[in-house]
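Beneath this line is the structure, given in structure tokens, with notes to follow.
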Amino acid sequence: MKTGQSLYDEHLDRYMKTVALMKTDRTPVMINGDSFCAKHMGVKLSDFVSNLQLSCDTIFNSVSQLGDVDGCASNYANPLMFSFGLLSHVKLPGKELPDNQLWQVVEAENLNIEDYDTILSKGWNNFLQDFLENRLKLDFNGLKATLDFAPKAAKKFENAGYIAPTSAFMGNVTEHISFGRSLSKFIRDLYKMPDKVEAVLNVIQEEEIAQLKQQLEEVKKNKKQPPIMLGGSCRGASEFFTPKLWERFIWKYMKEATDVAIEAGFKVMFHVDSNWTRDLEYFTAFPKGSCIFESDGITDKEKFLKLLGGRMCFKGDVPAQMLVLATPDEVYNYCTKLIKDFDGTGLILSSGCTIPFNAKVENVKAMVSAATGK
């Protein structure tokens, strides 16, 4: 029987070779799930989100029953962490919501026009701390406890042989303002005061790039972690913007952060929700084998293969609705076709974004089985 260390080394080797577009013994398969794991293990969501250790144990126990999984994206759950990046309140099960209702990000106009001037005069991080503490009323002690717990959770999974798909993170800076202002108000700002919005984003980008460089240096000290930065955007696809606005307010910042990570010796995983089909050609700007395109099932895979196949790794993209509504045979057949389409190279099999809360366990197992042959 293989040890946790030997499994970890095997999974990491398979994963990194796949990212580099090299042939491997089989397609790696990743679990991206949190609420699904709670339902799988019979744990109430209200308990799951209020106890870090319970959420870690629940995800671990669920993943260990799904088959020969290479790794997983989540090893604990605290939905309040969304507030940091999205500048929004989060409703929680057991508090604002019923015990088994999924947590919800509440999009509202939390940022106002005057905040743009404050960011320009005081800087992003100075503004952010005051905003989170005094306007969103976040519990900083609870958030600190989450950050302190993260290494312990990661070690539990690592000891069992599961890899984490990324080791560093920088989201697209536009998301802060897009969510904080609300999408409709943000897009209005792009037309009414584009220069001011760009100036604000430049301030945020400069500070977050500096933090990213420090983060990458810290990660380099741990040789066991995959040198991969998680980036991308949950609603930065150009389907939300005109092409000129997209290039100016989305792609420019996304590309700069990616270039910084690549120059530091990291690969970059783009977590890109929504439809990026008409944007795919922009991704040819990055060196072959340097990035991973993580799709949620909406971007056209045929177009991806035509433009980026053999050049960029693809992660995904078993659709959420399939994991909920299809039969295990349908899921298995979809996954085996996906593996065949990529000719066994440059594909990390996974769900399209997060596995839904109400996904069928047998369907998730079918996805894993398609990759492992077990």
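General remarks:
- Residue in the range 298-320 that is more than 30 Å from Ser35 (Cβ to Cβ) and free of Cβ contacts under 8 Å to residues at least 24 places away in the same chain present: yes
Matching residues to (1) outside any strand (DSSP E or B); (2) modelled with pLDDT of 95 or more; (3) in contact with a strand residue (DSSP E or B) (Cβ under 8 Å, 6 or more places away or on another chain):
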residue: Lys223; (1), (2), (3): yes, no, no
residue: Leu230; (1), (2), (3): no, yes, yes
residue: Leu245; (1), (2), (3): yes, yes, no
residue: Ile250; (1), (2), (3): yes, yes, yes
residue: Tyr253; (1), (2), (3): yes, yes, no
residue: Glu256; (1), (2), (3): yes, yes, no
residue: Ile262; (1), (2), (3): yes, yes, yes
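- When the test is whether a residue is assigned to a strand (DSSP E or B), crowded, with 18+ Cβ neighbours inside 10 Å and modelled with pLDDT of 95 or more, Ile355 does not pass it.
- Among the residues of the range 241-287, those identified as closer than 22 Å to Val197 by Cβ and hydroxyl-bearing (Ser, Thr, Tyr) are Thr242, Tyr253, Thr258, Ser274, Tyr282.
- Hey, Lys17 more than 25 Å from Ile228 (Cα to Cα), modelled with pLDDT of 95 or more and surrounded by fewer than 24 Cβ atoms within 10 Å (Cβ to Cβ) or not: no
- Taking the range 324-352 as the range and being surrounded by fewer than 16 Cβ atoms within 10 Å (Cβ to Cβ), among the β-branched types (Val, Ile, Thr) and in a loop (DSSP other than H, G, I, E, B) as the test, only Thr327 passes.
- Search result, residues across the range 72-101 that are buried (at least 19 other Cβ atoms within 10 Å of the Cβ) and on the phi > 0 side of the Ramachandran plot: Leu87
- Among residues of the range 208-234 being among the charged types (D, E, K, R) and either surrounded by fewer than 17 Cβ atoms within 10 Å (Cβ to Cβ) or touching a Lys or Arg at 6+ places or on another chain (Cβ under 6 Å) (or both), the one that is nearest to Val173 (Cα to Cα) is Lys213.
- Among residues of the range 24-54, those that are buried (at least 23 other Cβ atoms within 10 Å of the Cβ), of a type outside the set (A, V, I, L, M, F, W, C) and under 18 Å from the mean Cα position of the chain (by Cα), counted: 4
- The number of residues in the range 1-33 being in contact (Cβ under 8 Å) with a residue 40 or more places away in the chain and in a helix (DSSP H, G or I) comes to 13.
- Residue list for the range 242-258, filter: within 21 Å of Ala168 (Cβ to Cβ), surrounded by 20 or more Cβ atoms within 10 Å (Cβ to Cβ) and either among the charged types (D, E, K, R) or touching a residue at least 60 places away in the same chain (Cβ under 8 Å) (or both): Ile250, Tyr253, Met254, Ala257
- Residue within the range 93-100 that is of a type outside the set (Gly, Ala, Ser), under 30 Å from Gly161 (Cβ atoms), out of contact with any Gly (no Cβ under 7 Å at 6 or more places or on another chain) and not in a loop (DSSP other than H, G, I, E, B) present: no
- Among (1) under 30 Å from Thr174 (Cα atoms); (2) in a helix (DSSP H, G or I), the one test that Leu111 misses: (2)
- Scanning the range 365-374 for residues that are farther than 11 Å from Tyr332 by Cβ and assigned to a helix (DSSP H, G or I) yields one hit, Thr372.
- Failed item in (1) acidic (Asp, Glu); (2) within 18 Å of Val19 (Cβ to Cβ); (3) without any contact (Cβ under 8 Å) to a residue 40 or more places away in the chain, with Glu281 passing the rest: (2)
- Any hit, the range 296-315, residues being under 30 Å from Lys223 (Cβ atoms), small (Gly, Ala, Ser) and out of contact with any Asp or Glu (no Cβ under 7 Å at 6 or more places or on another chain): yes
- Any chance Ala153 is in a helix (DSSP H, G or I), surrounded by 17 or more Cβ atoms within 10 Å (Cβ to Cβ) and either acidic (Asp, Glu) or within 25 Å of the chain's Cα centre (by Cα) (or both): yes
- Odd one out for Gly373, checked against (1) in contact (Cβ under 8 Å) with a residue 60 or more places away in the chain; (2) out of contact with any helix residue (DSSP H, G or I) (no Cβ under 8 Å at 6 or more places or on another chain); (3) closer than 30 Å to Gln104 by Cα: (3)
The values are calculated or read from the model by the stated rules, or taken from the named source; none is laboratory data. All values derive from a computational prediction rather than experimental measurement. For neighbour counting, all protein chains shown are included, and Cβ atoms are generated from backbone atoms with ideal geometry for every residue, glycine included.
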